[in-house]
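Here is the structure we will look at, set down as structure tokens.
The values are calculated or read from the model by the stated rules, or taken from the named source; none is laboratory data. Keep in mind it's a predicted model, so treat the numbers as computed, not measured. We place every Cβ from the backbone using ideal geometry, glycine too, and count neighbours over all the protein chains shown. Side chains are part of the model used for accessible areas, which takes the heavy atoms of the whole protein and leaves out ligands, DNA and RNA. Shrake-Rupley method; radii C 1.70, N 1.55, O 1.52, S 1.80 Å.
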Amino acid sequence: MMNTSAFIVDVEFVWGFQTRIAGLSKTSPSFYYPPPTTFLGALGESIARKLGVGESAGRGIIASLGRELLALGIRPLNCVPLKYEDINKIIAVKLTSGIPYPDPRNMASSYDSPARGKTVMVSLDENSPILRFLLVFRKDKIDLRGKALELDEDYFWRIHRLGSKESRVSVIDVRRKDGINAEEGKIISKYSFPVMKGVQPLEELQRKWLYEAYINPRDIEYSERVNPVLTYMESRSLIPFRIPILVVRTEEPEFIVEVREPSAYYRVNGEVVIGWRG
């Protein structure tokens, strides 16, 4: 029996979000939903701001969160994601003929206008678009430079963006439950889930479900240590996720999944999220 801590976080989007794969093409597409590592990054930034630590320490917080993470699922409450690309003016950082850019003597070559991927969250009712995140941690503390830092609801309330600086969000509800036990067997889930050893997708009860590949949120240190670009190009530490797409407001996507070791599922306030066994 495990004693874990779970958090249900409802996030309201202003328009949507932009998050790209670091180091790849300037025109790389966006994702349907913020990747698990993006949410951990937002949580890590919230913790770092409250503690008053720098960027390097912030990366350590994200890695510590990933080590304690057991599950992270996403489901839409009232919205559908629409991916698109548009033209953006950006500063060109480069070295041409020994001259570093941007260069005030050559403004025309100091900027670029690539198409960049974004995702708009379109509401299906009169409310703002809302995604629900369900996270389960091995315990309610993470190790930060040899000291134990307790996770509490306040850190989740302080999240203000998911993705780029334009990807503004508002957290509208945070609920916590402790003492969640790992289970296995056949279940019905409404949350995104990783397709990995021990997880067997059986049947879609309500459509639609798509595939999207994310960096393993429990192995963020590997991606940073090797190279985020190689992580994607060589499929290092990548995990395919099945993600739910809400088509009709009254019919939430559901999937029957068989879960066995080394994976597990967790019941939190009547909802089920699939992840790793601690």
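Please identify the pairs in which a residue from the stretch 34-53 that is more than 17 Å from residue 130 (Cα to Cα) has its Cβ atom under 7 Å from the Cβ atom of a residue that is open to solvent by less than 10 Å² (accessible area, probe 1.4 Å) and outside any helix (DSSP H, G or I), counting only partners at least 6 apart or on another chain.
37/214; 43/159; 46/159
Filter the stretch 237-256 down to residues that are assigned to a strand (DSSP E or B) and under 25 Å from residue 175 (Cα atoms) and give me whichever is modelled with the lowest pLDDT.
Once the filter is applied, the top-ranked residue is 251.
Show the residue pairs meeting these rules: Cβ distance below 8 Å; 6+ apart or different chains; first residue within the stretch 258-269 and under 15 Å from residue 8 (Cβ atoms) and in a strand (DSSP E or B); second residue of a type in the set (S, T, N, Q) and open to solvent by 10 Å² or more (accessible area, probe 1.4 Å).
266/181
Taking residue 30, is it part of a loop (DSSP other than H, G, I, E, B), modelled with pLDDT under 90, open to solvent by less than 20 Å² (accessible area, probe 1.4 Å) and under 24 Å from residue 238 (Cα atoms)?
Yes: the conditions hold for residue 30.
What is the residue count in the stretch 134-152 for residues that are exposed (fewer than 15 other Cβ atoms within 10 Å of the Cβ) and either in a strand (DSSP E or B) or at pLDDT 95 or above (or both)?
Count: 4.
What pairs come up if the first residue lies in the stretch 195-207 and is surrounded by 15 or more Cβ atoms within 10 Å (Cβ to Cβ) and modelled with pLDDT under 90, the second is acidic (Asp, Glu) and not in a strand (DSSP E or B), and their beta carbons are under 7 Å apart, counting only those six or more places apart or on different chains?
Every condition considered, the pairs that remain are 206/252.
To keep it simple, each residue is scored yes or no on (1) modelled with pLDDT under 90; (2) part of a helix (DSSP H, G or I); (3) on the phi > 0 side of the Ramachandran plot.
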{"site": "34", "(1), (2), (3)": "no, no, no"}
{"site": "37", "(1), (2), (3)": "no, yes, no"}
{"site": "43", "(1), (2), (3)": "no, yes, no"}
{"site": "46", "(1), (2), (3)": "no, yes, no"}
{"site": "50", "(1), (2), (3)": "yes, yes, no"}
{"site": "56", "(1), (2), (3)": "yes, yes, no"}
{"site": "61", "(1), (2), (3)": "yes, yes, no"}
{"site": "66", "(1), (2), (3)": "no, yes, no"}
{"site": "70", "(1), (2), (3)": "no, no, no"}
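List every residue pair whose Cβ atoms lie under 6 Å apart, where the two residues are 6 or more positions apart in sequence or sit on different chains, the first residue falls within the stretch 123-134 and is of a type in the set (A, V, I, L, M), and the second residue, located anywhere, is open to solvent by less than 40 Å² (accessible area, probe 1.4 Å) and part of a loop (DSSP other than H, G, I, E, B).
Short answer, once both residue conditions are applied: 124/78; 130/77; 130/78; 134/191.
Being of a type in the set (Asp, Glu), out of contact with any Phe, Trp or Tyr (no Cβ under 9 Å at 6 or more places or on another chain) and farther than 17 Å from residue 273 by Cβ is the filter here, so list the residues in the stretch 154-182 that pass it.
Matches in the stretch 154-182: 154 only.
Can you find a residue in the stretch 219-227 that is modelled with pLDDT under 90 and in contact with a strand residue (DSSP E or B) (Cβ under 7 Å, 6 or more places away or on another chain)?
yes
Kindly provide the set of residues from the stretch 15-27 that are at pLDDT 90 or above and open to solvent by 10 Å² or more (accessible area, probe 1.4 Å), ordered by number.
Selection gives 15 alone.
On the basis of being touching a helix residue (DSSP H, G or I) at 6+ places or on another chain (Cβ under 6 Å) and among the basic types (Lys, Arg), does residue 145 make the cut?
Judged against the criteria, residue 145 is not a match.
So which of 100, 201, 104 ends up being farther than 23 Å from residue 31 by Cβ and in a strand (DSSP E or B)?
Result: 100 is the single residue among 100, 201, 104 that is farther than 23 Å from residue 31 by Cβ and in a strand (DSSP E or B).
Which of (1) over 23 Å from residue 50 (Cα atoms); (2) at pLDDT 95 or above is the odd one out, the single condition residue 127 does not satisfy?
Only one criterion is unmet by residue 127, namely (2).
Consider residue 191 against the criteria (1) open to solvent by 60 Å² or more (accessible area, probe 1.4 Å); (2) modelled with pLDDT of 95 or more; (3) outside any strand (DSSP E or B): it satisfies all of them except one. Which criterion is unmet?
The one condition residue 191 does not meet is (1).
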